[in-house]
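First up is the structure itself, then whatever we jot down about it.
Values in this text are rule-based calculations from the coordinates and carry no lab data. Source: prediction; values computed, not measured. Positions of Cβ are backbone-derived with ideal geometry, glycine not excepted, and every protein chain shown enters the neighbour counts.
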Amino acid sequence: MNLSIVLTCLWVIVASLLAMIPSKDNLWFRAYVLIAVGIPLVGFVVYQNGPWIGLLVMFAGMSLLRWPVIYLSRWARRVIGLNKEQP
């Protein structure tokens, strides 16, 4: 197992532990920190293991941080104009 996979496993463990701790801001600050650390980590995984493993790691991170992804997709649909609620 190479360094990028070990760091990714450590990131997943830290993300899971941080999700268990109560928070007043609904864990958003922790999510921002995990995203800031996770994006370069995905790049490192792609560099060492290739794009397919990088996609698996990216989808694993997206499943752990699903609410920022949901809000980003809602914002992108609103900006692009794909929102079906508008007349």
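Here are the numbers for the structure shown:
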read-out	value
Excluding exposed DSSP-loop trypsin sites (Lys or Arg not before Pro) (at most 10 other C-beta within 10 Å), longest clean stretch of the chain	25-83
The chain: DSSP helices with Cα axial extent of at least 27 Å and average Kyte-Doolittle hydropathy no lower than 0.0	28-49
222 nm mean residue ellipticity, helices alone, for the chain (DSSP H n ≥ 4; -39,500 (n - 2.57); rounded to 500)	-26500 deg cm²/dmol
Within the chain: Cβ-based charge dipole about Cα centre, in debye rounded to nearest 20 (Lys, Arg +1; Asp, Glu -1)	280 debye
Rg/Rh (Cα only; Kirkwood hydrodynamic radius) as it applies to region 1-77	0.99
